[in-house]
Amino acid sequence: MPAEFNIEALKAQVITARTYLLYRMKKYPEGQPEHTDAPICSGTHCQVWTSKEDLIASHDDGWYDAYWGKIEESVNSTRGQILTYEGKIIEPLFHSASGGRTENSEDVFSASVPYLRSVESPYESEAPKLHASVKVTVSDFINKIESVYGDLGLTKDNLDDMIVLGEVSEGGKIKTLLVNGAEITGREMRSIFGLNSTNFSFIQTGNEIEIVTTGYGHGVGMSQWGADGMAEEGYNYKEILKHYYTGVEIVSMK
C-alpha cells in the first residue's frame, strides 16, 4: 500500500499485515511445503517485506521526510491490534482494487470463509489499474486457448457464437465461460492472458481482440484502493476493517 494513502487506510493495512503474519505462524509452525524452514516468507508467496533502507533507496529524495513519520504512526497507534472472528485469528486477504464489489472466498478459492464475504467497494475511482485492457490477434487468442484445452473449433468468424458466458460471481466476476461446450474458468482465462482480474469482456475488431478488465487482483477481502477511498470519505480504520471483513472483532494481543 502506498505511503501516500490516508493514514486510516495505512492503519487498516498494518493490522491486516500483522494479523496475516500471526495467522501463518499459527497455521504453519513447522514451516510450509514451499519453505520448510519458516512459517512465512518475505516474498510474494506470503507477505512481501522490504527493509527501511531499501524502501528509502527506492524512492525520490524527500520521500522519507514526507512519509516515514506517517508509517511509524500507523504502526505505533495500532500496536498489538489484530483481527479475530469468533475468537480466532483470521486470514485477512486483501487486494488492490475490486472493481466495485469484493468476492466471496468460495468464488475464487476453494473454501467458504464467513468473514470473507462479498461487499460493496464504491470508493475506488482513483485506482490506476481499475480499468485496463490486453490486445491480441484473433489467431493468438485462439492458439492460447487451444494450447491448453485442445482443438475447440474456434475461428475468426465464429467466436461470438462459440464463447458463451457461464456463471458470474456475486462480486460481478466471471466464474466460468463455455467455449464450444468446454467449461473454462475466469481464473484460467486470467492466467492464460495475464489479465488484471476476472471481471473482463471481449471486443473483437477485425483481426484483433481486446480483453477489457475492471479491478486488479483476486478481489477477496480488503480492497486497498477502496480502503483509501473510504478513509478519504471520513471512515476510520476500524470502520474500514469491519466493512471488508464481515463479523470480525479488532482486539489487542494478549
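Taken together, the values in this text are just the output of simple stated rules run on the coordinates, not laboratory data. Fair warning: this is a prediction, and the values are worked out from it, not measured in the lab. Methodologically, a virtual Cβ is constructed for each residue, glycine included, from the backbone with ideal geometry; neighbour enumeration extends over all protein chains shown.
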### Query
With the Cα gyration tensor of the chain giving a ≥ b ≥ c as the square roots of its eigenvalues, does the rule (a/c under 1.5 for rounded; else a/b larger than b/c for prolate; else oblate) give rounded, prolate or oblate?
prolate
### Task
Return the aspartates and glutamates within reach of Lys156: Cα separation strictly under 13 angstrom, same-chain partners fewer than 8 residues apart disregarded; answer none if there are no such residues.
Asp140, Glu208
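Could you tell me the relative contact order of the chain? Use alpha-carbon pairs under 8 Å, at least six residues apart, and round to a whole percent. Walk me through the numbers before you get to the answer.
Working: 448 pairs, mean separation 69.2, N = 254.
Taking the mean separation of contacting Cα pairs over the length of the chain, I get 27 percent.
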### Task
Note the angle between two axes, namely the Cα long axis of helix 63-76 and the longest principal axis of the Cα atoms of the chain, as a number of degrees from 0 to 90, rounded to the nearest 10.
70 degrees
### Message
Quick one: 3J(HN,Hα) in Hz for the stretch 124-134, Karplus 6.51/-1.76/1.60 with θ = phi - 60°, rounded, Gly and Pro as x.
### Response
10, 4, 8, 5, x, 10, 4, 10, 8, 8, 10
### Cut-off 19 Å (backbone N to label point 7 Å along Cα→Cβ of Asn143), residues of the stretch 203-217
205-211
### Task
Between Glu30 and Trp63, with labels modelled 7 Å along Cα→Cβ, what's the label distance in nm to one decimal, could you check?
4.1 nm
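Count charges around Ser77 for me, please; just the other residues with Cβ under 14 Å from its Cβ, Lys/Arg as +1, Asp/Glu as -1. Before the final figure, lay out each step's value.
Values: positive: Lys11, Arg18, Lys70, Arg79, Lys238; negative: Glu8, Glu72, Glu73.
Net local charge, Ser77 excluded: +2.
So, with +1 on the Cβ of K and R and -1 on the Cβ of D and E, and no other charges, what is the size of the charge dipole of the stretch 121-254 about its Cα centre, to the nearest 20 debye?
Working: 11 positive and 19 negative charges, 94 e Å.
In debye, rounded to 20, the stretch 121-254 gives about 460.
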### Sequence-distant lysines (8 or more away, or on other chains) whose Cα lies within less than 20 Å of Lys129
Lys173
#### Entry: In the stretch 122-221, the GluC sites (Glu not before Pro) that fall in loop regions by DSSP, at most 12 other Cβ within 10 Å
Glu126
### Query
Quick one: putting +1 on the C-beta of Lys and Arg, -1 on the C-beta of Asp and Glu, what dipole do you get for the stretch 19-105 around its Cα centre, in Debye to the nearest 20?
460 debye
### Query
Which lysines, on any chain, are close to Lys242 with Cα under 20 Å apart, when same-chain ones fewer than 8 places away are left out?
Lys11, Lys88
### Query
Size of the dipole of the stretch 148-202 about the Cα centre, Lys and Arg at +1 and Asp and Glu at -1 on the beta carbon, nothing else charged, in debye to 20?
260 debye
### Task
Calculate the length of the line joining the C-alpha centroid of the stretch 1-77 to that of the stretch 177-198, in whole Å.
32 Å
